[in-house]
Amino acid sequence: MNSNIDWGNLPFDYYKTKYNVRAYYRDGKWGEIEICSSEHITLHMASTALHYGQEIFEGMKAFMGKDGKVRVFRPEENAKRVQDSAKGIMMQAPPTELFLEMMEKVIRLNKEFIPPYNTGASLYLRPLLIGTGARVGVKPSDEFLFMIFVSPVGPYFKEGFSPVSMMITRQFDRAAPLGTGKFKVGGNYAASLTSMEKAHAAGYANVLYLDAKEKKYIDECGPANFFGIRDNTYITPESESILPSITNKSLFEIAQDLGYKAERRRVPLEELETFEEVGACGTAAVISPIGKIRDDDRDVEYTYDAPGKISIELYNRLLAIQTGDVEDKFNWNYLID
Ligand SMILES: Cc1ncc(COP(=O)(O)O)c(C=O)c1O
C-alpha cells in the first residue's frame, strides 16, 4: 500500500499511478496486452478519434474488502456497454474476456494504489477505446486502441450526503432522439458541456435534461440517471437517449429486494411534483440526493426531502454490496485475491 497517499482526502480526479494496459486491434484482430508506464499516447494526426469522434470510455470502481479481497462491481456490464457503444459508432470492441483480463492486470499492477478498506475511497478504472486509423474522408477506422488506466478516488460525499440542486433547460439537448445518447461516447459529453457550465454558474450541480423530441419527459441528470420515489415505488425513466446506467439497473433490483416496487417507464415532467424523493445515480456517487429542481422557463421550483429515507437505504445497501460488507446475493462482484 502506498503510504504517501492521504486516502481520506483524495478528490474525484486523475491521480498518476504506475501502469496502464493497452491492446491494439490491427489486421482484423486484437494483439497482446501491453503494460505501459507512460501516461501518453502516440496518435496519428488524422486518426478517427480526433476527427470523427470515434471514442468510447467507461467508468467503474474497485473496492478493497475487509477480507483483503478486491471487488470490482459488475465489470461484465461495462464490457457489454463498450461493445454496444462500439457497435453504435462503427468501432471494434474488446471481447469480454480481454476486457476482464486487462482489468485484472491493471488492478494487480497498481495494487499499492487501491485504497484500504473503510476509507470511503476506491480505485476508479477508466477503460478507453479510440479509433487510431488515419482517415480524411468521413469513414470508420479499422484500427483501434483499447486501454485501461486507474486512479484512486475519494468518496464522493466526504461528510455524509449533501443534497444537490438540478436545473431544467429547454435551450440545450444532450442527445438526439435517434442519436448516440444510449452509448458512452465522448461526443455526448461535449454536447453537454455548455449547458452543464451554465448550470454550474447559476449554482446548480447539473442539468436535468428533458426528452429532446417533445420536452415532455424526464431523460437524465448530466452524467447520471434519474429516479424518483413515490408510494414505496422506485421510478426511473425509460428513454432511447439516456445511458443505461449500471448503478440504476442495480438500484432497481435492490429496491425490489428490499420490498419496494420498481418501475421503468416514461416519466412525464408533471410527475416531478408528485415524488417524495428524487436522486441522480451513477458510479461516481452511487446516489446524489436531489433537494431542488428549478424549471426557469416555467418559473417553477420542486423541492424534496433529501436525503430521503429510501434513498439512504438504497445507497447503504449498494455500497455494502460493493465493499463486501453484506452478502452479494446477486453475484455482482468480480473478486480478485
Ligand atoms: C450520461 C450518463 N448517464 C448515466 C451514468 C451512470 O452510469 P453508471 O451507473 O453505469 O456509472 C453515467 C456515468 O457513467 C453517464 O455518463
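Here is how the numbers come out for the structure above:
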| item | result |
| --- | --- |
| Complete set of residues in segment 37-74 that are away from the ligand (no atom under 16 Å from the Cβ), open to solvent by less than 60 Å² (accessible area, probe 1.4 Å) and among the small types (Gly, Ala, Ser) | Ser38, Ala46, Ser47, Ala49, Gly65, Gly68 |
| Residue count, segment 105-136 (criterion: under 24 Å from Ser85 (Cα atoms) and surrounded by fewer than 17 Cβ atoms within 10 Å (Cβ to Cβ)) | 4 |
| When residues of segment 268-292 are limited to those that are in a strand (DSSP E or B) and of a type in the set (D, E, K, R), the one surrounded by the fewest Cβ atoms within 10 Å (Cβ to Cβ) | Lys292 |
| Output for segment 181-197, where each listed residue is among the β-branched types (Val, Ile, Thr) and surrounded by fewer than 19 Cβ atoms within 10 Å (Cβ to Cβ) | Thr194 |
| Any strands (runs of 3 or more DSSP E) falling wholly within segment 1-94 and containing at least 2 residues that are at pLDDT 95 or above and among the hydroxyl-bearing types (Ser, Thr, Tyr) | 20-26 |
| Checklist (1) at pLDDT 95 or above; (2) more than 14 Å from the ligand (Cβ to nearest atom); (3) outside any loop (DSSP other than H, G, I, E, B) applied to Gly259, failing item | (3) |
| Answer residue from segment 293-319, given it is part of a helix (DSSP H, G or I) and away from the ligand (no atom under 16 Å from the Cβ) and is least open to solvent (accessible area, probe 1.4 Å) among those | Ile310 |
| Residue, most open to solvent (accessible area, probe 1.4 Å), within segment 17-34, restricted to residues that are farther than 16 Å from Leu129 by Cα and in contact (Cβ under 8 Å) with a residue 60 or more places away in the chain | Lys18 |
| Selection count, segment 97-122, where residues are within 16 Å of the ligand (Cβ to nearest atom) and among the polar types (S, T, N, Q) | 1 |
| Unmet requirement for Leu125, which otherwise passes all of (1) within 16 Å of the ligand (Cβ to nearest atom); (2) more than 21 Å from the chain's Cα centre (by Cα) | (2) |
| Residue that is nearest to Leu318 (Cα to Cα), among those in segment 75-95 that are surrounded by fewer than 16 Cβ atoms within 10 Å (Cβ to Cβ) and away from the ligand (no atom under 15 Å from the Cβ) | Pro95 |
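Matching residues to (1) away from the ligand (no atom under 15 Å from the Cβ); (2) crowded, with 20+ Cβ neighbours inside 10 Å:
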| position | (1), (2) |
| --- | --- |
| Ala199 | no, yes |
| Lys213 | yes, no |
| Lys216 | yes, no |
| Glu220 | no, yes |
| Asn225 | no, yes |
| Arg230 | yes, no |
| Glu238 | no, no |
| Leu243 | no, yes |
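The values are calculated or read from the model by the stated rules, or taken from the named source; none is laboratory data. Remember, predicted model here, so these are calculated numbers, not experimental data. Cβ sites come from the backbone with ideal geometry, for glycine too, and all protein chains shown count toward neighbours. When the accessible area is computed, the model is the full protein with side chains, heavy atoms only, and any ligands, DNA or RNA have been set aside. Shrake-Rupley method; radii C 1.70, N 1.55, O 1.52, S 1.80 Å.
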